1. Only one of these is outside the structural domain of A:Ala307 (by TED's automatic domain parsing) and in contact (Cβ under 8 Å) with a residue 24 or more places away in the chain: A:Thr105, A:Thr67. Name it.
2. For residues that are open to solvent by 10 Å² or more (accessible area, probe 1.4 Å) and part of a helix (DSSP H, G or I), scanning just segment B:137-150, find the one that is nearest to B:Lys211 (Cα to Cα).
3. Test of understanding: among B:Arg155, B:Arg160, which residue is assigned to a helix (DSSP H, G or I) and touching a residue at least 40 places away in the same chain (Cβ under 8 Å)?
4. Before we move on, is B:Leu119 under 23 Å from B:Asp167 (Cα atoms) and open to solvent by 50 Å² or more (accessible area, probe 1.4 Å)?
5. Quick check on my filter: what residues within segment A:2-30 are open to solvent by 20 Å² or more (accessible area, probe 1.4 Å), hydrophobic (A, V, I, L, M, F, W, C) and either on the phi > 0 side of the Ramachandran plot or away from chain B (no Cβ under 14 Å) (or both)?
6. Would you check which residues across segment B:196-222 are farther than 24 Å from B:Ile30 by Cβ and either within 13 Å of the chain's Cα centre (by Cα) or modelled with pLDDT under 90 (or both) and list them?
7. If we scan segment A:228-243, do we find a residue that is closer than 23 Å to A:Gly345 by Cα and of a type in the set (Gly, Ala, Ser)?
8. Filter segment A:26-57 for residues that are over 18 Å from the mean Cα position of the chain (by Cα) and among the charged types (D, E, K, R); which is nearest to A:Phe92 (Cα to Cα)?
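The values are calculated or read from the model by the stated rules, or taken from the named source; none is laboratory data. These numbers come from a predicted model, not from an experiment. Cβ placement follows ideal geometry from the backbone for every residue including glycine, while neighbour counts extend to all protein chains displayed. We work out accessible area using only protein heavy atoms, side chains counted, and drop any ligands, DNA or RNA first. Shrake-Rupley method; radii C 1.70, N 1.55, O 1.52, S 1.80 Å.
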Amino acid sequence: MYSFVIIKSQPVRLSLTIGAVALCIIMMLFLLGIYKGVADGSVEYIKKNNADLWVLQKNCTNILRGTSLLSSWQGNLIMEDPGVESVSPVLFLLSSVKNGKNHSTIFLTGYNPENRYGGPPALVKGRNIKNGSEIVLDIAFALKSGFRINDSLTIQDETFKVVGFSKGTNAFVIQYAFTTIDKTRSLIGFPGLTTCYIVKLKDGVNRESVKRDLMKNISGSTVYTQEEFLSNNIHEMQSGFLPVLYAVASLGAVVLTVILSLILSISILEKKKDFAVMKTLGASAEFLSSLVVKQAVLIILAAGAAAIILYYPIVFGIHSLSPEVSTANTFLQVLFVMLVAICMGLLSSFIAIQRIRKIYALEVFYER
Amino acid sequence: MKDNQVIVSLEGVTKFYRSNSHKSTGVKDINLKVGKGELLLLLGPSGSGKTTLLTLITGLLEPTSGKVYLYSKNISEIKAKDLQQLRAEKVGFIFQTFLLIDSLTAIQNIELVLRFAKLKKKYIRTRASDLLNQFGLEKLAFKSSASLSQGEKQRVAVARAIANDADLILADEPTASLETKQGMMVIELLHDYARKRNKCVIVASHDLRLKDYADRIIYLQDGEIIEAYPELNIDNID
């Protein structure tokens, strides 16, 4: 009753507080959404390829932040293994795309379009490439750079025609593009160069056994199962990206705590006389503390509701301005952020409650 | 006065205030017993120690020496939490500036002390409404206490003080902010509460007009009792 009365007695301040706390919650939701979006986008390519084995250069663990250079003879050796059904070479190349006067960078992926493996995980518009003069772009990259189907773009003086847009190919800092492996090799100038081989095994073949054989027979290479390779890439993405997001999200939580504890402390100071009167009249410390805790919880709940209502329009606006910023939020994330906000609210009220201790009941007798 | 009638008892109570190596006397060597059915008037000029005496009685202030008994218990030996609950259940307060909580309505101000006294929720609203009816304030029950007149505020304050059926009412300058008629009405209410309900009321004031309502008057000056009326010797009060 009284806690509600206290917070509604200053409607402008209450609105500003709810707004500020809601923005902190939105920021936390957004950062977690980016994390999920990036986490999904970065490894979607690997997931969708669903290889049995991935062969890379020795000591290379992932394709996101590693260099792997293999030759075609290694591909031929893999194919000689009796358990192997198909071997698909893929070459990744960081390339600069020229669009008029603008330059932007893509993760050019060369693969064999006649083969099922190594290409875009899914197309949202257009069709797949048929030859080396065509290219499929990530949809976020296309939207950001203003490319449409049938547009032309230049990579190292070679012109490509945009024939399709893919999804699941946005790794936030870089987006994938797809053309033939031969064209990619010609761009770098090393025929037969490959980043990795995607290996499919024959039905019923023991995967671990083939993995051991390949590791033994193909010098300078390393072999991963689909699960191992996926896990390596997720780990790489998390170790490089996640700490930054967590640091910024934590900052949001700290700002939320500071704002709320400041507002609650001011509110206590403004109602100092009332608190002193209640102390004199026999209010317990628990009752007085509960007034502050209830205020914090009421503010957090109102801010949480405002944040959830405002979050999706804000994200839509951000996507319109920066299509490469892909977010994905789950119900658990929303729940997690709300729990964090409530915990921070309780911490804020705990900080503010310390003020009540410095209010003396005796003060009321000298109130004239 | 029989021992079972005594609510407040002070034995050789002295309070000194110290600030920046300066020592001043709050009250000095006070011996006093106040019992049920009695309205005690503490008279004296500003700074004579009236308010200090009230705060010592409630345990909000600790004496430098001497003992304060509330219901025969030495309050310096009562735990802070128990003392707070004792105030909530057994003591009522009336202040010069009323000290209602402005953001609450009249009825909420009364309900608040009933909550402190840990009364049942169901009983709280009924009791608060009954009190407002009793004081002719039923139409003001849901008005913000900030919007009430001075007289109405003090009546709500009196209703709040007696809401928990307090055995002891401490009133600090209860008529100072009121016109004569309203002031007399308040002191009559307190007098009736002491007499008809067999409660103990201690009023600190410098308003001599209140003396006609007092069962006993103590005159304080510079922290000392210099005159007790009608009995000069408080041990003969029986």
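1. Working: A:Thr67 fails: in contact (Cβ under 8 Å) with a residue 24 or more places away in the chain.
Sole residue among the options that is outside the structural domain of A:Ala307 (by TED's automatic domain parsing) and in contact (Cβ under 8 Å) with a residue 24 or more places away in the chain: A:Thr105.
2. Per the criteria, the residue is B:Gln150.
3. Details: B:Arg155 fails: touching a residue at least 40 places away in the same chain (Cβ under 8 Å).
Within the list B:Arg155, B:Arg160, the selection yields B:Arg160.
4. Details: under 23 Å from B:Asp167 (Cα atoms): yes; open to solvent by 50 Å² or more (accessible area, probe 1.4 Å): yes.
Here the answer is yes, as B:Leu119 does meet what is asked.
5. If the condition is that a residue be open to solvent by 20 Å² or more (accessible area, probe 1.4 Å), hydrophobic (A, V, I, L, M, F, W, C) and either on the phi > 0 side of the Ramachandran plot or away from chain B (no Cβ under 14 Å) (or both), then A:Val12, A:Leu16, A:Ile18, A:Ala20, A:Leu23, A:Met27, A:Phe30 are the ones that fit.
6. Looking only at segment B:196-222, we keep the residues that are farther than 24 Å from B:Ile30 by Cβ, and these are B:196-198, B:209, B:212.
B:Arg209, B:Asp212, listed by residue number.
7. From segment A:228-243, those closer than 23 Å to A:Gly345 by Cα are none; that's our starting set.
No.
8. The selected residue is A:Lys48.
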